[in-house]
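Trainee: Structure in structure tokens, see below.
The values are calculated or read from the model by the stated rules, or taken from the named source; none is laboratory data. None of the values given here were measured: they were computed from a predicted structure. Cβ atoms come from the backbone with ideal geometry, glycine included; neighbour counts cover every protein chain shown. Ligands, DNA and RNA are stripped out before the accessible areas are found, and what is left, the full protein with its side chains, is counted by its heavy atoms. Shrake-Rupley method; radii C 1.70, N 1.55, O 1.52, S 1.80 Å.
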Amino acid sequence: MTSAPQDTFTIIDGRKISTDIKAEIIQKVIERKALNKKVPHLAIILVGDDGASQTYVDFKVKACKEVGFHYTMMRFADTISEDKLMKHIDQVNRDEDVDGFIVQLPLPPNISVERITEKIRPDKDVDGFTNRNFGSIVSKNPLLLPATPFGVVELLKRYNIPTEGKNVVVVGASRLVGAPLSMMLVEEGKATVTICHKYTKDLKMYTLHADILVAAVGKPGLITADMVKQGAVVIDVGTTRVEGAQYKNGYTLKGDVEFKEVAPKTSFITPVPGGVGPMTIASLLLNTLRATELRNP
Ligand code: NAP
């Protein structure tokens, strides 16, 4: 008698793991307070009035409140010049009370993301965006890891999903997500990693070999069931706002993976929303705590 392919899979609950991490951070903050040590302080710089950016920043402020961090919101009009913004970043770099800070992306087109990012002091760069922190992934002692890749690696760890010796395929090679995640999975994860991008010919040929498939592109529906190996672990980083009158707020968030048809082929899969998204904020909090501990042990 042959058995039918299994249709059971586990939905990776990023909200639950991020709640667990927040509980651990709350405990650390309580311990620091009891020892009269400095409470972590995160500053957030927001330029312009992009609705999605405002929503992300609101989540970050809420998370700071939940874990007992101090926070400072710095808002600037989208007419601010690059030089003026650089001066504000210099100020935050020098502010001894601020342990970590982020500049919410995207920035207005007249401002260079690279110049701004590189102005951030690496030991306060809690998004892990600077070249110094990107490079430190391949060092023995990384400083502050890029937040979204850090969140993905943490999800795999907390679900006891082994990476050592596994075939990992990362679709998307961006400087903020795909590239650093691939390096982390090689360095720390000891995986064999293939990075695919826009110019990859026959994407399916690669994805079909993945024990762990990560999609980080921003193209809803890119990964379909026929591209996924039976039993694979699928991590969907993609988050695209899709508008439509049928959705409660006029839009919904969609991943890169066709969840309904892909999930039954997997062993583990992240949903969108509720998978990687909450982990990015948890990583930001972990990095802010680490930055505080480095500066004020
Ligand atoms: P990005 O900078 O636009 O990079 C997308 C990557 O995908 C690039 O390497 C691009 O290649 C590649 N690509 C484009 N079309 C492709 C295709 N058809 N096949 C294979 N690769 C293709 O975006 P990102 O910042 O990395 O973000 C990726 C997605 O993750 C977005 O949906 C974003 O919203 C989401 N995200 C989510 C979180 C979270 O917390 N959940 C955090 C960050 C990002 P080229 O460079 O050659 O164009």
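Trainee: Per residue, how much accessible area does the chain have with a 1.4 Å probe, in Å²?
Mentor: On the way: 14670 Å² over 297 residues.
With all protein chains present, the chain gives 49 Å² per residue.
Trainee: Another question, if that's okay. Could you give the nm distance between label points at S267 and D226, where each point is 7 Å from its Cα heading toward the beta carbon?
Mentor: 2.6 nm
Trainee: Suppose R0 equals 45 Å; then what is the FRET efficiency for Y199 and Q27 from their Cβ-Cβ distance, rounded to the nearest 0.05?
Mentor: Numbers: r = 46 Å, r/R0 = 1.03.
After rounding to 0.05, the efficiency reads 0.45.
Trainee: Within a Cβ distance under 9 Å of Y71, other residues only, what is the Lys/Arg minus Asp/Glu net charge?
Mentor: Surrounding charge for Y71 is +2.
Trainee: Please report the carbon-and-sulfur percent of the accessible area for the chain; probe 1.4 Å, protein heavy atoms only, DNA, RNA and ligands left out. It would help to have the intermediate numbers written out before the result.
Mentor: Values: 7960 of 14670 Å².
Within the chain, the accessible surface is 54 percent carbon and sulfur.
Trainee: What spacing in nm lies between the two simple spin-label points modelled at D95 and E243, each 7 Å away from Cα in the Cβ direction?
Mentor: 3.5 nm
Trainee: With a Förster radius of 51 Å, plug the Cβ-Cβ distance of D49 and E164 into 1/(1 + (r/R0)^6) and report the FRET value to the nearest 0.05. Before the final figure, lay out the partial values.
Mentor: On the way: r = 46 Å, r/R0 = 0.90.
According to the calculation, E is roughly 0.65.
Trainee: Related question: Cα convex hull of region 33-152: mean projected area in nm², to one decimal?
Mentor: If I average the Cα hull's projected area over directions, I get 8.3 nm².
Trainee: Quick one: which of 77-90, 119-132, 163-176 comes out on top by average Cβ neighbours within 10 Å, and what's the full order, highest first?
Mentor: Numbers: 77-90: 13.9, 119-132: 21.6, 163-176: 19.5.
Going from most to least packed, we get 119-132, 163-176, 77-90.
Trainee: At what distance in nm do the modelled label points of E114 and L253 sit from each other, each positioned 7 Å from its Cα along Cα→Cβ?
Mentor: Reported label-point gap for E114 and L253 is 3.0 nm.
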